[in-house]
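All remarks here apply to the structure that follows.
The values are calculated or read from the model by the stated rules, or taken from the named source; none is laboratory data. Computed from a predicted model, the values in this text were never measured in an experiment. Neighbour counts run over all protein chains shown; Cβ positions are idealised from the backbone, glycine included. Ligands, DNA and RNA are excluded from the accessible area calculation, which covers all protein heavy atoms including side chains. Shrake-Rupley method; radii C 1.70, N 1.55, O 1.52, S 1.80 Å.
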Amino acid sequence: MGPLLLLTHTLLSSYFFPGRVVDAQQSFIIKNVLLSIEPSADVTRGTNVTVRCQAVISSSSGQEALSRNYTLIRNNVHLYTKTSSTSDDFLYQLPDARVSQAGKFRCSVNIEGNRKESEAKTLTVTGLSEPVLHLNKYEVVEGDEVTATCAAPGEQGPLYFSLYKDSEEISRDSSTSPLYENKIPFNKAGTHRIHCTYTVFVEPPGFKSNKSNEVTVSVRELTITPVMVISPKSNIFEGDRVNISCSVANSSHSSEGIKLYLSHGNKLLTSGVNQVNHSIVALAKEPWDLDCRFEMGGVIKVTTETLLVTELFSVPTLTMSPAEVFEKDNITLICKSERYASERLSSGELVYSLYPPRDSPSLSGAGVFSRNALQNDFDYTCMAQAKGIEKHSQTLTVRPKVPVSAPRMSVVGRAVVGRPFTIRCRSDAGSLPINYTLLKDDDPVSTVSINQHNQQLGADFSVSVTKPDDVTKYRCEAKNSNRDPRVSARLNTTVTVPLSNPSLRVRPELPEVSEGNPMLLTCSVEGTPPVTFKLYREGRDLPLESKTVEQLSFHYQLERLSKEHSGKYYCEAINPANKVNSEPIDIEARVGRAVVVSVWSERPPEAATDEVSSVLSSEPDVEYTEVVHPQPVDPARVPLRKGTDTVYSELNNSPHGAADPRDYQGSVEYAELNGEQPEINHYSPEVKDYQDLPVPVD
């Protein structure tokens, strides 16, 4: 039968292709050439367009070995040519597409003299940029000319530009540039309106002619059928060798011009004239669709068979135990093929390997491997092998978790007694998710789970306390595994007590306040210092004194009272938690019954003591004596001056007339003597506004 087929092939070739020599051992075939336009054949201006040309080829040596010559044609004009030795698609880019780039595209592929062309696809681009008009002058005299420049931003030629004056077209010119310039004369006074337009010239679609006369053609089917024979046909397992043949039957024509191609998908297995044969080792990676293809001139006939191949064993899977692992923990990696053909293979014939390899082998040959988790992510794969067939698992990435560190507690903002504030609990290290639990007296109060990296600032809990020491009852617990949780130290932070019970006291007590004598005002509160005290007299906007102290009281002394000092006084106290005001007290300077004489004398330096130096006024190192004429007054109720570097003495006719000094700070002596009453020094404290303290919470 071989000589007969050869004769048939020769006769067919002579009949259909006289004088043509056919290479019976051609190693490839161009099955098809496909052209596509992406993202669409109809786009708007500015779209990035890709024209893709794909050659569908079957080759015995692999597609990469063939040198392809691509030619892109637009509107029957060769646009671009490229030669490539790879199987990658040929891509022609049209970035920021314009109307002028539209047209009908075709793609041609030539391989070693064999040429095939795609069907035509038409690209349509709609939309033009707005034209921009610029004049070199906007005010002229009759008879002057103005240079007008019209631009078509981003467009390509050929273009037609038109200039209009008062809605009338005055010039039209073609240009290959997107910039057009012309002069416009103005011979008539008045206001004129100028604008421009442009037109992109695109090859017209043409006109369709009338129908011609009809001619009938009768086509008779060619009685040649490709035949494919597979041996064995069934019960094929991975690793089995399969023989395939491709030939023609019922051929009454010469074999001249006949070509046979045996392909598996896009891979050309072999080619020939009368009959071709090929032997393969069966694999179960993909369906084996085999084509026996007959070509003679433009006639193509194909016979297709599907080769069913049974898996010898399934692709192995790689799993880890336990599912959650921490740094340096022991883990077990298990590589296993779930299925295998027991009629061809025993389980003991399957050999498993782990990659990357380590010294520890598979336990009992069952694909079980022991490892210690690393401190960073690591990828593992495994391979199952039997009867020359190798299959690899998917990559398993082991991501060891970091144990959570002992959390730290802090207060967000300021903690104030009786008001809600926020406790923040945070661990510096630890893999998510982390569960934070707030404990009070070791009892859980609330739990917050942190699952996202943008929450790494920690967990916030809202609490309130009734007294400052209550904050030490709180601790925080952090947990991100089945291990014992980590617990923080007890919360240690400053808690501010709001101010309360403000009071303003005066000495001597009312109504003993009299002109010419000193007066001491004391403002006191309860709460947490530092406190800013401000003393006010009604009718004045500014305070008499403003001072921030670390105590809960503040003293203000008037050294010599007069009627001008009469009025209502109150004090204001501020700390970071709040602001309070005392009740006002009404002070009236009554007429005094003592005439005081001031006597100054030098004081020995050694007479100065710490008590004396603490007095508010800054006086020289002198001894100050006030001599007062005796009057019917109780000397025990006369207030004494304090806080200066002087000695203040009171003498009385009676040897026991000295006032009790316990109400004042410093060493004091007081005497009453007959004589005139000179004016005594008046201490006027400097008015200040202290701004270092935070604004209180209302």
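Being at pLDDT below 85 and open to solvent by less than 10 Å² (accessible area, probe 1.4 Å) is the filter here, so list the residues in the stretch 231-256 that pass it.
S254, S255
Quick one: which residue in T306, T332 is within 49 Å of the chain's Cα centre (by Cα) and closer than 29 Å to K387 by Cβ?
Of T306, T332, the one residue that is within 49 Å of the chain's Cα centre (by Cα) and closer than 29 Å to K387 by Cβ is T332.
Residues that are farther than 14 Å from I30 by Cα and more than 42 Å from the chain's Cα centre (by Cα): list the strands (runs of 3 or more DSSP E) wholly contained in the stretch 80-125 that include at least 2 such residues.
103-111
Grab the strands (runs of 3 or more DSSP E) fully contained in the stretch 291-347, keeping just those with 1 or more residues being under 30 Å from V273 (Cβ atoms) and open to solvent by 60 Å² or more (accessible area, probe 1.4 Å).
299-307
Please pick out the residue among G413, G430 that is under 36 Å from the mean Cα position of the chain (by Cα) and surrounded by fewer than 17 Cβ atoms within 10 Å (Cβ to Cβ).
Exactly one of G413, G430 is under 36 Å from the mean Cα position of the chain (by Cα) and surrounded by fewer than 17 Cβ atoms within 10 Å (Cβ to Cβ), namely G413.
I'd like the full set of residues that are basic (K, R) and farther than 17 Å from S58 by Cα, limited to the stretch 281-327.
K285
Name the single residue, out of those in the stretch 82-93 being in contact with a strand residue (DSSP E or B) (Cβ under 8 Å, 6 or more places away or on another chain) and exposed (fewer than 13 other Cβ atoms within 10 Å of the Cβ), that is nearest to S59 (Cα to Cα).
This residue is S85.
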